[in-house]
Structures are given as C-alpha cells and as structure tokens.
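Please read the structure below before turning to the comments.
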Amino acid sequence: MINQAVILAGGLGTRMRPYTDSHPKPMYPFCGKPFIAYLIEQLKGFGICNVLILLGYMPEEIIAYLKDGSAYGMHISYDITPTEYNTGDRLLHAGKLIEDRFLLLYCDNYCPIDFIKLMHDYEDNQAWVQLSVYENQDGYTKSNLLTDGGRVAVYDKTRLYPKLQGVDIGYAIVDKKSFQYVTGQNMNFEAAVYPELVRQGKLFATVTKHRYYSIGSWERIRLTEQFFENGPVVFLDRDGTINKRAPRACYIETPEQFVWIEGAKEAVKILKNSGYRVVLVSNQPGIARGNLTESMLGQIHRKMQDDLMRDAGCQIDAVYYCPHNWDEGCECRKPKPGMLYRAQKDFSLNLTKCILIGDDDRDIEAGNAAGCRTYQVTDNRSLLQIVKELVEEK
C-alpha cells in the first residue's frame, strides 16, 4: 500500500557543529557508513524501493554518496530547496513528486519500528496521518504529544502543554490531503498540520516502547554508536531452558536446587565463543509470594555464574528478573516484554536483531511482542540443539 518514502534532510544541523560546518548531518558516519545509509537499508527492508530525499544544506555530498539508489536496488530521487525553507515549504515544493500516500521520515532519527503494524493501524483508523510515537516513559527526551487510546489528543510542537507523554519520531504514514493545511510560507509541516488533524480526529499514533536513536545532537551520538556497533544478542529464559524446573507450584528457592539441564552450559559457551551477548530474562513470582527473597535469588544466580566460569570458562552478561506475582499487572512479567525493553535501553540494542530462546509459550509471546526472533525449547529440541543451529546459520 505504501510505495514511497520521503525523507526530510534539508536542515543546517546546527547542534552537530563543528561536523556540520563541512558536512550535511545525515552523512555522519557509524561503522564506516553514513547515518542516512542505515535509513535507506531499513526502507528496503520495509519493501519500499522508491525514495525521495528533500535536500537543502550541502546536498551534493548526499547525492554523490547515494546516487540514483541502484547500488541498493532502489530508486532514489532528490528535490533541492533553499536552506531557509521549513518542512512545509519543502513538502509543497516537491508536491508533484510525492505520491498520494507516503512514509515520511526525519533524516536524524532511526527506530526499528513495526512497519506492518503501522500500515495496519493507518488503514484501520482511516487516518490522514499515522504517527510513529516513542512512549517516552523513561524521559529519554521532551514529549510533544498526548495520546488517548490510538488517537492523538494533543500535539504541541512547543512542548509546553502540561502532562505530555510521547514523542513523534518520524516514520509517519501521511495522506497528501493533509498538505492543504500548509497555508503560508515558512511553515513547519507538523506544527501547521498535526494540531488541525487532532481537531478533526484524523491524527493517530502507533506507539513503540523501543528507544529510537538520533544524530540530532552530540549528547545522543554515543548511544547511537552503541546501537549500530552492537553484536548479536541472545535472551535466555531460565527455568526449563537452562536449569531443571521445580515441581508444579514450587520454585527454585536455594542454590542447591538450581540444577543445570544437560548441555545447557555447553550451549552458553558456544554462544559466547561465537560472539553473542547472552542475557537472562526470568519470571520469579516466588519473591512476591514469599517463597524467595531477592537476596537468595542473587545467591542462586551467583552459583549459576560460578558453575559457568568453572565448567565453561564464561558467564552470562546480564540478568533481568520479574519479582511480581502474576496478577500485579506489571510490564515485566512474561508474556509482556518489559524485561527485554529494559535490556534494550541498558545496552542500546536493536531488538529486531535479537534472539529469544525459552521453553514456555509466555517466553515466545514476550519475544514476539518485542520483535525478536524466537525459538522454543521442547522435550525433543534442547537449548544446545537450537544454539548449534544458530551458530551454523551465522
């Protein structure tokens, strides 16, 4: 349904000086290639092969790098306007080149959004604009909107409205009918159009918990570097995946009760030797039910790490656990993906490139909800077998 992406890339990038004194902001390099190349590759992954880039400041360097897009198996075209043009002016100037419905991106934000969900939401809502919105519960940035269900209730470009929660990160599906609200020169598209669509009930949000990464300022660059530099990551469930489960309605309550499943230590060793970061994610409702203290859980995990170091010469990189009971409504108890999102923020992970392995349907649901690739341990397929397959595919 969406065949074209339009990237706003004409600004001066003043917050990225001195780099932007001699380069356009989207050319800032990570791991040997510019930021904008990651956006182009992401769009190809979405199935969008027609890209229009709206340029202003130092357009030649971007055009020289991307050319016509044939190196990516895509078609890339450009529309160049003066640097003083605002986003509304740039979109109107390129109007004849823009399709009736398109995906609008900012050149300085990257987020591994669920594009299929975004399209479905756009269609289901009969939206004029369907925004991608970072929920911003962690105060990562200053919010500029407020949602009510899937509808945007407030959009405030100035970010002054009280109790805003959520930030527009680009990746918006836009109906070209919305251009009619850009009625003057030097108008910011979002500031002119989005509040009007709020009043009409035509602005909607697809909310993501996955942190986005930016080249908007030097303060964000290090996190963005970590994001693109990260190697492969495997999330492991604990009970039933690496150690034997306790009897039904019971818990592993002491280090002595933690008994490794045959081959599990070898599996962790293979992952570590193959360059994977290994992260444990485990529901531990025994804490809420009084069967287990967090101090004792720490002792259990110290035994786990000591066993690994002694017998496999490695350790698990990080441990996350949910201490809540099943009926507490927390966001971290699997099948909810809260622990995965905590790890995502702690390590600047791209969850769509991570793997989750667990034995329970709740593990798989949590992994799928976060966009991970998932594998389920069964009586006929052990953790070790799955890991060997992963390493062979790598």
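For this structure, a couple of remarks:
- Long pairs among 44/353; 272/388; 163/209; 44/96; 269/303; 272/303, criterion Cα-Cα beyond 20 Å: 44/96
- Residue 124 accessible area, assembled protein chains, probe 1.4 Å, Å²: 120
- Of interest is the spacing of the C-alpha centroids, which for the stretch 318-376 and the stretch 222-244 amounts to 10 Å.
- Length added when fully stretched, residue 226-residue 385, from 0.36 nm per residue minus Cα-Cα: 54.2 nm
- Whole-number accessible area per residue in Å² for the stretch 222-336, which is evaluated in the context of all protein chains at 1.4 Å: 47
- Rg/Rh for the chain (Cα atoms only, Rh after Kirkwood) is 1.03.
- Global geometry of the stretch 287-386, whether rounded, prolate or oblate, following the gyration tensor of its Cα atoms and the 1.5 cut on a/c: rounded
- Within the accessible area of the chain, the carbon and sulfur atoms contribute 48%, probe 1.4 Å, all protein chains present.
- Residue-normalised accessible area of the stretch 1-95, given per residue in Å² at a 1.4 Å probe: 41
- Whether the stretch 24-99 is rounded, prolate or oblate, judged on the alpha carbon gyration tensor where a/c under 1.5 counts as rounded: oblate
- Cross-link reach is defined here as a Cα-Cα straight distance under 14 Å, omitting same-chain residues fewer than 8 places apart; for residue 202 the aspartates and glutamates meeting it are 121, 123, 124, 148, 175, 190.
- For residue 261, solvent-accessible area (1.4 Å; no DNA, RNA or ligand), Å²: 50
- In order along the stretch 154-167, the phi-based Karplus estimate (6.51 cos²θ - 1.76 cosθ + 1.60, θ = phi - 60°) of 3J(HN,Hα) comes to 9, 10, 10, 4, 6, 6, 9, 4, x, 6, 5, 8, x, 9 Hz; Gly and Pro are listed as x.
- Counting only DSSP beta bridges with both residues in the stretch 183-326, the antiparallel share comes to about 10 percent.
- Protein-only accessible surface at a 1.4 angstrom probe places the residues 141, 293 in the order 293, 141, largest first.
The values are calculated or read from the model by the stated rules, or taken from the named source; none is laboratory data. Everything quoted here is computed from the prediction, not taken from an experiment. Just the protein is used for accessible areas: all its heavy atoms, side chains included, with ligands, DNA and RNA removed. Shrake-Rupley method; radii C 1.70, N 1.55, O 1.52, S 1.80 Å.
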